[in-house]
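Take a look at the structure set out below.
Where a number appears in this text, it was derived from the coordinates with a stated rule and is not lab data. From a predicted model like this one, the values you see are computed outputs, not experimental measurements. Every residue, glycine among them, receives a Cβ derived from its backbone with ideal geometry; neighbour counts consider all protein chains shown.
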Amino acid sequence: MDKNLKEDLISKEFKVLDKGFVRLIDVMGDDSAIVQAARVSYGEGTKTVREDRGLIRYLMRHRHTSPFEMVEFKFHIKLPIFVARQWIRHRTANVNEYSGRYSVIRDEFYIPEIQEIRTQSQINKQGRSDESISVELAKAIATRMEATQNRLYAEYEELLSLNIARELSRINLPLSTYTEWYWKIDLHNLFHFLKLRLDKTAQFEIRKYAEVISEMVKTLVPLSFEAFEDYLLNSIIFSKNELLYLKQLINRIDEINEDSLLSSGFSRTESREFLDKLIILKNL
């Protein structure tokens, strides 16, 4: 890992949404740590970048995930509570969150951008549609959200002034309230998080955090991130029925050879593995 790149990223605040941010606190390991872990059985250290790249791509392609767990990232993240509740579903990380029992919650709430206030999707039951509503209606909704947030925070402050316990005073605050946490996760599980949260069907707000984090990861472990993009992020899985249907469509499978795959950008190892898959598909 380039020490200058790491130093440039550590503790730098990257803004997300209206009041949120992501800061990289620390990172342990890099691409070479993954390679070293994978080669430990053979007692070999890091070789050339080209060889390292080939090994990392092999590990990712064949889902040999444990070497990627040798790299860990620790982030400081400020995010709305409703995003945090989605985020915490990824139970493979260590989290320490700002406590509303010990500390007074700050007067900070998320209000969506006007263009992001939309109707419910009729296709995706858990998301918003792609159709925009009128600017006037969107502004009216944003104004109503802000008014509700201000009213609820005023009630929170009033309860605190009456010496009501902080753990009780906070309970009526909305999901749009900002919270903060430290989030530590290994690279294998971080890739799983990014696979899900960079998807176009992920909620807009959590996707914006994933986009910022992915750029950091791409900078610090470029070989691993390249393999992640090629074999996980931008890949798809076919079901058995889909494969059987595809088999009926493949009429020229015997004309595909290693040379044609090499000219299409496949490595020699990848081309052989793909030919093996085509043989399996043909023989289904």
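With only alpha-carbon pairs counted, each pair once and no self-pairs, how large is the Kirkwood hydrodynamic radius of segment 220-266 in angstroms? Can you show the working numbers first?
Numbers: mean 1/r = 0.0748 Å⁻¹.
Computed over segment 220-266, the radius equals 13.4 Å.
With a cut-off of 8 Å between alpha carbons and a minimum separation of six or more residues, what is the relative contact order of segment 111-175 in percent? Intermediate values should be presented prior to the final figure.
Values: 49 pairs, mean separation 16.3, N = 65.
Relative contact order here is 25 percent.
Calculate I(q)/I(0) for segment 111-175 by the Debye formula, one identical point scatterer on each C-alpha and no solvent, and give its log10 at q = 0.12, 0.17, 0.18 Å⁻¹ to two decimals.
Scattering profile of segment 111-175, log10 relative to I(0): -0.47, -0.70, -0.74.
Around SER121, under 10 Å between beta carbons, what's the net of Lys plus Arg minus Asp minus Glu among the other residues? Numbers along the way, then the final one.
On the way: positive: ARG118, LYS125, ARG128; negative: ASP130, GLU131.
That works out to +1.
Longest segment of the chain with no trypsin sites (Lys or Arg not before Pro) in a DSSP loop having at most 11 other Cβ atoms within 10 Å? Walk me through the numbers before you get to the answer.
Values: sites that count: ARG63, ARG89, ARG91, ARG101, LYS125, LYS200, ARG252.
So the longest stretch without any such site is 126-199.
As a check on your grasp of the helix formula, calculate [θ] at 222 nm for the chain: sum -39500 (n - 2.57) over DSSP H runs of n ≥ 4, divide by the residue count, round to the nearest 500.
Numbers: 12 runs with 131 residues, N = 284.
That calculation yields -14000 deg cm²/dmol at 222 nm.
Report, to the nearest 10°, how far helix 135-161 tilts away from the longest principal axis of the Cα atoms in the chain, using its own Cα long axis and a range of 0 to 90°.
Tilt of helix 135-161: around 60 degrees.
If one puts a single equal scatterer on every Cα of segment 43-115 and applies the Debye formula without solvent, what log₁₀ I(q)/I(0) results at q = 0.12, 0.13, 0.15, 0.27 Å⁻¹?
Debye intensities relative to I(0), on a log10 scale: -0.63, -0.68, -0.77, -1.37.
Using only the Cα atoms, what convex hull volume per residue in Å³ does segment 136-249 have? Could the numbers behind the result be given before it?
On the way: hull volume 23.9 nm³, N = 114.
Cα-based convex hull of segment 136-249, divided per residue, equals 209 Å³.
Could you tell me what % of all Cα pairs in segment 194-284 have separations over 18 Å?
I get 61 percent for the Cα pairs in segment 194-284 exceeding 18 Å.
Based on alpha-carbon centroids, what's the gap between segment 156-202 and segment 220-250 in Å, whole number please?
33
Relative contact order for the chain: what is it in percent, counting Cα pairs under 8 Å that are at least 6 residues apart?
On the way: 333 pairs, mean separation 66.6, N = 284.
Relative contact order, the chain: 23 percent.
Round to the nearest 10 and give me the degree value, 0 to 90, for the angle of helix 268-282's Cα axis relative to the longest principal axis of the chain.
90
For a quick check of your reading of the filter: which chymotrypsin sites (Phe, Trp or Tyr not before Pro) in segment 100-162 sit in a DSSP loop and have no more than 14 other Cβ atoms within 10 Å?
When the chymotrypsin sites (Phe, Trp or Tyr not before Pro) of segment 100-162 are filtered for loop state and at most 14 Cβ neighbours within 10 Å, TYR102 remain.
When all C-alpha to C-alpha distances in the chain are sorted into bins of 10 Å, what percent of pairs does each bin hold, rounded to whole numbers?
So the P(r) values, bin by bin, are 6, 21, 25, 22, 15, 7, 3, 0, 0.
Taking Cα pairs under 8 Å and at least six residues apart, what relative contact order does segment 157-252 come out at, in percent? All intermediate terms of the calculation are to be shown ahead of the outcome.
Working: 24 pairs, mean separation 14.4, N = 96.
For segment 157-252, the relative contact order is 15 percent.
Once both axes come from the Cα atoms, what is the angle between helix 240-249 and the longest principal axis of the chain, in degrees from 0 to 90, rounded to 10?
50
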